[in-house]
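The numbers here are math on the coordinates, done by the rules we state, and not lab data. Remember, predicted model here, so these are calculated numbers, not experimental data. Heads up, the Cβs are rebuilt from the backbone with ideal geometry, glycines too, and the neighbour counts pull from every protein chain shown.
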């Protein structure tokens, strides 16, 4: 039986402090937007260095992807190193590996230095396969590990309760409780004078002598540096980020298994299955993640995705109960490498950290360390593999960019001509449908009290049409991943403005 709530275990097990909403213009050396692991780490590092820091969060602190992650602290990000060597060469690939290892080591150092209780535990990480094509890919990845000096090996068996054809292991990785760690970062930020504001959405950056971050309540944060740690950049700066990455959702179950899991795992084939153990009250549990798809584009209901994960758990681990279920969203760049650095070549005091490809613990921490280095050392140029301005001259990346933007165009055009005329008056409570009023595509939701809520389904980001997500009661954009609640309020960017409210009386 699936739990009715879609709140993560991390969220349920930690009580975080409340912070005020920004209600005046303020000045700071640095304005950081986004209070997840990247924003908090950056804020702590800069404040410790003596910078005055203002941290803005559109919702609650640590309520975004950091609270929904698998919380693996690893540089094993799927089968990527062999492909990356082919595209970018050994040296730049080594930059990626070493940067994520640096992120892992920083977390371990902070946990030790400040005696943070966050269930940090070392664990080997494995990628396994049961297909002949996968065997070849595993062998190639193993050779890449050798070229990069990664400690690990290719194996013909692993500590799983089912056989595998082949696997590659990365030694000495780790996992932890991300919100216990995040809670400690919040305390460190407080001790170093960081000013934190919740329910304060940044919507733009304006320039005079210094950049100003504009909020949805028309207040300004006047600063010298702007750090966009908001998962998706709210300020594009003509960096054309919508053309260079896409949103992907995945699903998670926390379950009680009869068979103990040792190690962290993910498979090569589709659908994806990612596994890690969690200890709760001295009992062993398992986190099962997978069934990813582009946001707003699944041909299955959310419950079907969860049931697929549950079936996998029952088959291989004899899971007896499910404690939590949730879903998460992340952004993937066209070459699978995050964008970290100056938002464009010509805007050196605005930084971006995005496109972590569902590996935000190490990638996000590394991004914070890199941005800290940029600001404190006044580094002028992005010359690293993470540069947002890097050239995409590799054929697979160009082909992926063309395909991705063709997909966006398809959804933009197709849904504009979609003319449903569904009968919204027959809705059951907590259901939604899409209908038409004149030329407008309208989404109608009936809440638990029998009240109707109607919104124009045109996404306020770039004009695609949103679709209804029944399990989470949200309107999701299939183009760039913006998400809105049933009243049209922004839950997740890149959109910064709500959906237009429609008077329900105009539908009758």
Report task. Please give the peptides 245-257, 18-30 ranked by average Cβ packing (other Cβ atoms within 10 Å per residue), highest first, as a rough proxy for protection. Result -> 245-257, 18-30
**Report entry** Mean separation of Cα contacts under 8 Å (6+ apart) over length of the range 418-507, as relative contact order %
**Finding:** 20 percent
**Report entry** the chain, helix-only ellipticity at 222 nm - DSSP H runs n ≥ 4, -39,500 (n - 2.57), divided by all residues, nearest 500
**Finding:** -9000 deg cm²/dmol
Report task. Express in whole angstrom the spacing between the alpha-carbon centres of the range 78-101 and the range 445-490. Result -> 38 Å
Query - Highest-first arrangement of 126-135, 143-152, where packing means the average Cβ count within 10 Å - result: 126-135, 143-152
Query raised in the report: Given a Förster distance of 60 angstrom, what is the FRET efficiency for residue 113 paired with residue 437, based on the Cβ-Cβ distance and rounded to 0.05?
Result: 0.50
Report task. In square nanometres and to one decimal, what's the mean projected area of the convex hull around the Cα atoms of the range 109-180? Result -> 6.2 nm²
Query raised in the report: For all pairs of alpha-carbon atoms in the range 269-326, what percent lies in each bin of width 5 Å, listed from the first bin to the last filled one?
Result: 4, 15, 29, 25, 14, 8, 4, 1
Query - Beta bridges by DSSP in the chain, antiparallel share as percent, to the nearest 5 - result: 80 percent
Report task. Give, in whole angstrom and from largest to smallest, the semi-axes √(5λ) of the equivalent ellipsoid of the range 62-106, with λ running over the eigenvalues of the Cα gyration tensor. Result -> 24, 12, 8
Requested in this report: Highest first, please rank the peptides 94-102, 113-121 by the mean number of other Cβ atoms sitting within 10 Å of their residues.
Outcome: 94-102, 113-121
Query raised in the report: Viscosity 0.890 mPa s, temperature 25 °C: Stokes-Einstein D of the range 56-201 from its Kirkwood Cα radius, in µm² per second?
Result: 141 µm²/s
Report task. Restricting things to alpha carbons, find the Rg to Rh ratio for the range 1-78 using the Kirkwood radius for Rh. Result -> 1.05
Query raised in the report: Regarding the range 418-507, what are the three Cα extents along the principal axes, ordered largest first, in Å?
Result: 32, 28, 19
Query raised in the report: From the list (1) 22.6, 68; (2) 23.6, 75; (3) 29.1, 89, can you say which value of Rg and Dmax of the Cα atoms in Å was derived from the structure given?
Result: (1)
